[in-house]
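Below is one structure, written out as structure tokens, with a few remarks after it.
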Amino acid sequence: MTDTAITAYKDPKMPPPVDLPEGPEWVGVLKVFDAHAAETLVTAAHTLYPHQTLPERVYRRTVFAFDALAAKLPAVAQGFAEFVDLVDGAMPVPFRDLSESYRVNTLKAIEATPAFRLVQRSTVRFLYDDLEVWQAFGYEGAAVQLGGYINRGFNDLDWLPEPPPGI
């Protein structure tokens with residue numbers, strides 16, 4: 001990877017990333033989840049997709065998106081609540097207080113449940129649609145509003161080998 005910072009772009013018609021408060025007060029902006037459920041879901045998202053270079057705030061924004069979805073759809077809210085109950089009920093210690101290996105084993109034990117699939121798929125949807133995640137991974141995002149890729153580094157990937165001649 002290159003040492004230069006990547007600037008990622010989203011379609012300007014899309015809303016900007018949510019600016020959540022730092023520290024434990026971030027849960028105060030949630031409409032459906034209490035602090036325990038929110039922190040459990042953050043821990044689950046981080047356990048499912050453990051990127052050491054990503055700050056905690058991107059996982060919190062993911063759970064904020066879960067909360068917004070749960071506020072609109074009661075069945076989804078029930079699915080998230082069921083997930084928290086399943087992972088917390090698996091061991092005598094709350095899920096978020098478990099070591100990583102116990103968290104992974106707990107998730108594996110419930111991976112066939114609809115509640116697990118809801119959390120896993122929602123995490124993929126919202127975590128990897130975060131502009132800060134795009135920048136961290138070197139994805140520049142949409143280019144249509146910038147005139148496309150041809151004149152702005154179409155072939156600037158320095159971590160891939162050059163293609164063979166004639167391709």
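Quick notes
- Rounded tilt (10° steps) of 35-48 against the dominant C-alpha axis of the chain: 50
- Counted residue by residue at 0.36 nm each, then reduced by the alpha carbon distance between them, the extension gain from residue 81 to residue 121 reaches 12.8 nm.
- Just the protein heavy atoms count here, and of the accessible area of the chain at 1.4 Å, carbon and sulfur take up 58 percent.
- Of 100, 39, 132, the one that fluctuates the most in a GNM where the chain has Cα springs shorter than 10 Å: 100
- Take the Cβ atoms of residue 128 and residue 104, set R0 to 22 Å, and the FRET efficiency comes out at 0.65.
- Scanning the chain for chymotrypsin sites (Phe, Trp or Tyr not before Pro) lying in DSSP loops with no more than 10 further Cβ atoms inside 10 Å, the longest uninterrupted stretch between such sites is 1-153.
- Magnitude of the charge dipole, the chain, Cβ model with Lys/Arg +1 and Asp/Glu -1, debye to 20: 500
- Between residue 141 and 9, the built amide H atoms are under 5 Å apart, and every one of these is 5 or more places off in sequence or on another chain.
- Viscosity 0.692 mPa s, 37 °C: Kirkwood-radius Stokes-Einstein D of the chain over Cα pairs, µm²/s: 184
- For the chain: accessible area per residue (Å², 1.4 Å): 61
- Cα long-axis angle, helix 56-72 against the chain (0 to 90 degrees, to the nearest 10): 70
- Cα long-axis angle, helix 100-109 against the chain (0 to 90 degrees, to the nearest 10): 80
- With the charge dipole of segment 24-129 set up from +1 on Lys and Arg Cβ and -1 on Asp and Glu Cβ about the Cα centre, the Cα lying farthest toward the positive end among the listed residues 30, 106, 91 is that of 30.
The values are calculated or read from the model by the stated rules, or taken from the named source; none is laboratory data. These numbers were taken from a predicted model, which means no experiment stands behind them. Methodologically, a virtual Cβ is constructed for each residue, glycine included, from the backbone with ideal geometry; neighbour enumeration extends over all protein chains shown. Ligands, DNA and RNA are excluded from the accessible area calculation, which covers all protein heavy atoms including side chains. Shrake-Rupley method; radii C 1.70, N 1.55, O 1.52, S 1.80 Å.
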